[in-house]
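**Student:** Sharing a structure with you now.
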Amino acid sequence: MNSVDKKRFENLGLGLVLDKVLSGERLDLAEGERLLACPDPLAVGALADHCRRRINGRAAFYVLNQHVNYSNVCVNGCAFCAFQRREGQDGAFALSVDQILDKINRNPFRPREIHIVGGCHPTLGLAHFVEILRRIRLALPEATLKCFTAVEIAHFARLEGLETEEVLKALKQAGLDMLPGGGAEIFDPEVRAKICPKKIDAQTWLRIHGQAHDLGIRTNCTMLFGHLESPRHRIEHLDLLRRQQDASRGFVCFIPLPFQTENSRLKVEQPLTGLEELKTIAVSRLMLDNIAHIKAYWVMLTVKQAQAALFFGADDFDGTVVEEKIGHMAGAASEQALSRAEIEDMIRGCGLTPVERDSLFNPVEGA
Ligand code: V47
């Protein structure tokens with residue numbers, strides 16, 4: 001950053017924040033809030049880009065992955081969710097293990113990562129999920145199985161009368177490698193009471209991720225934003241993730257999820273602007289100094305906005321996905337799937353270097 005930049009940040013009242021970012025010092029909550037309130041999103045983006053390049057250079061990562069939803073039947077009924085159905089309701093589905101395997105076998109390429117999530121189904125027990133993992137592990141021994149959010153883990157435990165740690169151990173034994181980051185939503189209890197009153201609370205979500213980390217199961221983390229939460233709630237959410245990471249060191253990647261507004265009971269007065277999305281991604285990069293990767297999840301952002309996000313702190317483009325339901329049922333305007341060539345072209349089109357990765361961000365040899 002040159003002296004012109006320094007003046008720009010001083011004029012915005014962010015001179016000290018600039019100094020802290022340049023020297024790698026941790027930002028506090030008030031500084032995070034000031035960045036979110038900054039009227040110059042490009043300045044915040046430039047700061048996040050500086051940070052992103054220090055950690056990840058010019059690389060933009062992607063993975064050959066496939067998403068599979070085993071069921072949309074859910075007992076939680078969160079107000080923001082357009083994916084869920086009650087049992088027996090029109091559009092409700094629950095796939096058999098064979099149907100899940102069939103989806104994976106019909107994929108024209110061999111995915112390196114399988115991402116499986118579903119609703120909190122009222123009757124599907126742990127044995128079903130153990131069987132899903134075993135069968136996929138046999139079919140794709142080299143793939144990372146990134147399956148079941150902390151919310152599902154808590155649900156399986158409740159159904160079976162087990163501790164969440166026992167559920168994690170049983171799933172790990174069946175082949176589970178990682179947990180995806182979903183279900184975090186916004187940690188603030190008052191907002192949670194309005195948007196997802198039946199879902200596990202922040203402490204339970206964080207505890208399950210900590211337990212997973214202690215068992216050697218790495219996890220991702222998310223934040224759903226652009227609904228009822230205030231800027232302070234976003235910063236507090238990031239701070240809780242940062243504290244958990246200090247304690248258990250197992251988060252691989254953070255995924256900011258802008259709320260998709262269609263087909264849900266949750267009505268927002270002021271939908272997010274594109275620049276606010278980018279500024280929130282940038283502030284995430286700046287606050288989460290102990291999480292190496294920020295994902296520009298093109299499904300929720302659109303591919304063009306995901307390209308822009310690569311200059312606002314994000315370093316990962318997610319992947320091929322193959323079939324996506326949660327965002328698209330809520331009106332996401334993105335494609336269903338991308339090919340490796342499309343992802344690489346988009347990254348190169350931004351002047352960045354595409355790097356195919358595995359789930360832990362190790363570059364794939366010979367890709
Ligand atoms: O848990 C639900 C969110 C999550 C909406 O770990 C919504 O690598 C926006 O967690 N608008 C699922 N978001 C997606 C998710 C994810 C995606 C990609 C990669 C990874 C990873 C994780 O989506 C849910 C919820 O937080 N969500 N409805 C909506 N209308």
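The values are calculated or read from the model by the stated rules, or taken from the named source; none is laboratory data. What you are looking at is a predicted structure, and each value in this text was computed from that prediction instead of being measured. Methodologically, a virtual Cβ is constructed for each residue, glycine included, from the backbone with ideal geometry; neighbour enumeration extends over all protein chains shown. These accessible areas exclude ligands, DNA and RNA; they are computed on the full protein's heavy atoms, side chains included. Shrake-Rupley method; radii C 1.70, N 1.55, O 1.52, S 1.80 Å.
**Student:** How large, in percent, is the carbon and sulfur part of the accessible surface of segment 57-356 at a probe radius of 1.4 Å? Don't skip to the end; give the middle numbers.
**Tutor:** Numbers: 5590 of 11300 Å².
Answer for segment 57-356: carbon and sulfur cover 49 percent of the accessible area.
**Student:** I would also like to ask the following. Anyone know which of 95, 171, 301 comes out most mobile in the 10 Å Cα GNM of the chain?
**Tutor:** Judging by the Gaussian network model, the answer is 95.
**Student:** Another question, then. Given the Cα-Cα distance of residue 110 and residue 86 and 0.36 nm per residue of separation, how much length would full extension add, in nm? Don't skip to the answer; put the middle values down first.
**Tutor:** Numbers: separation 24, 0.36 × 24 = 8.64 nm, distance 3.33 nm.
Extending this stretch completely gives an extra 5.3 nm.
**Student:** Based on the Cβ-Cβ distance from residue 127 to residue 165, what FRET efficiency comes out when R0 is 25 Å, to the nearest 0.05? Working shown, then result.
**Tutor:** On the way: r = 18 Å, r/R0 = 0.73.
Working from the Cβ atoms, E equals 0.85.
**Student:** Contour minus end-to-end for residue 173 and residue 336, with contour as 0.36 nm per residue of separation and end-to-end as the Cα-Cα distance? Don't skip to the end; give the middle numbers.
**Tutor:** Working: separation 163, 0.36 × 163 = 58.68 nm, distance 3.20 nm.
55.5 nm is the gain from fully extending residue 173 to residue 336.
**Student:** Now, a different point. Efficiency by 1/(1 + (r/R0)^6): what FRET value for residue 247 and residue 267, r their Cβ-Cβ distance, R0 = 45 Å, to the nearest 0.05?
**Tutor:** On the way: r = 37 Å, r/R0 = 0.82.
That pair, residue 247 with residue 267, gives E of 0.75.
**Student:** Okay, next question. In nm, to one decimal, how far is the modelled label at residue 40 from the one at residue 142, with both set 7 Å along Cα→Cβ?
**Tutor:** With each label point 7 Å from Cα toward Cβ, the separation is 4.9 nm.
**Student:** While we're here: Given the options 199, 172, 304, which has the most mean-square fluctuation in a GNM of the chain, springs set between C-alpha atoms less than 10 angstrom apart?
**Tutor:** 304
**Student:** Determine by what factor the alpha-carbon radius of gyration of segment 165-240 differs from 2.2 N^0.38 Å, reporting the quotient. It would help to have the intermediate numbers written out before the result.
**Tutor:** Working: Rg = 13.6 Å, N = 76, 2.2 N^0.38 = 11.4 Å.
Normalised by 2.2 N^0.38 Å, the Cα Rg of segment 165-240 equals 1.19.
**Student:** Okay, moving on. Strictly greater than 30 Å: what percent of every Cα pair in the chain meets that? Write out the running numbers ahead of the final one.
**Tutor:** Working: 23273 of 67161 pairs.
Summing the P(r) tail past 30 Å for the chain gives 35 percent.
**Student:** What's the local net charge at residue 92, with K and R +1, D and E -1, over the other residues with C-beta under 9 Å away?
**Tutor:** Working: positive: 85, 86; negative: 87, 90.
That works out to 0.
**Student:** Something else: Give me the lysines in straight-line cross-link reach of residue 103: C-alpha distance below 22 Å, same-chain residues under 8 apart excluded.
**Tutor:** By straight Cα distance, residue 103 reaches 146, 325.
**Student:** I want the antiparallel fraction of DSSP beta bridges within the chain, as a percent rounded to 5.
**Tutor:** On the way: 2 of 30 bridges.
Just about 5 percent of them are antiparallel.
**Student:** For the chain, can you list the cysteines whose C-beta has no other cysteine C-beta under 4.7 Å from it?
**Tutor:** 38, 51, 74, 120, 147, 221, 253, 350
**Student:** Keeping every protein chain in place, order 52, 207 by accessible area at 1.4 Å, biggest value first, i.e. largest first.
**Tutor:** 207, 52
**Student:** Once fully extended, how much extra length lies between residue 275 and residue 204, figured as 0.36 nm per residue of separation less the alpha-carbon to alpha-carbon distance?
**Tutor:** Working: separation 71, 0.36 × 71 = 25.56 nm, distance 3.24 nm.
The span from residue 275 to residue 204 would gain 22.3 nm if fully extended.
**Student:** Per residue, how much accessible area does the chain show when a 1.4 Å probe rolls over the protein heavy atoms, in square angstrom? Provide the component values of the computation, followed by the final result.
**Tutor:** Values: 14740 Å² over 367 residues.
For the chain, the per-residue accessible area is 40 Å².
**Student:** Moving on. When only C-alpha pairs under 8 Å and at least 6 residues apart count, what is the relative contact order of the chain, in percent?
**Tutor:** Values: 678 pairs, mean separation 82.3, N = 367.
RCO, the chain: 22 percent.
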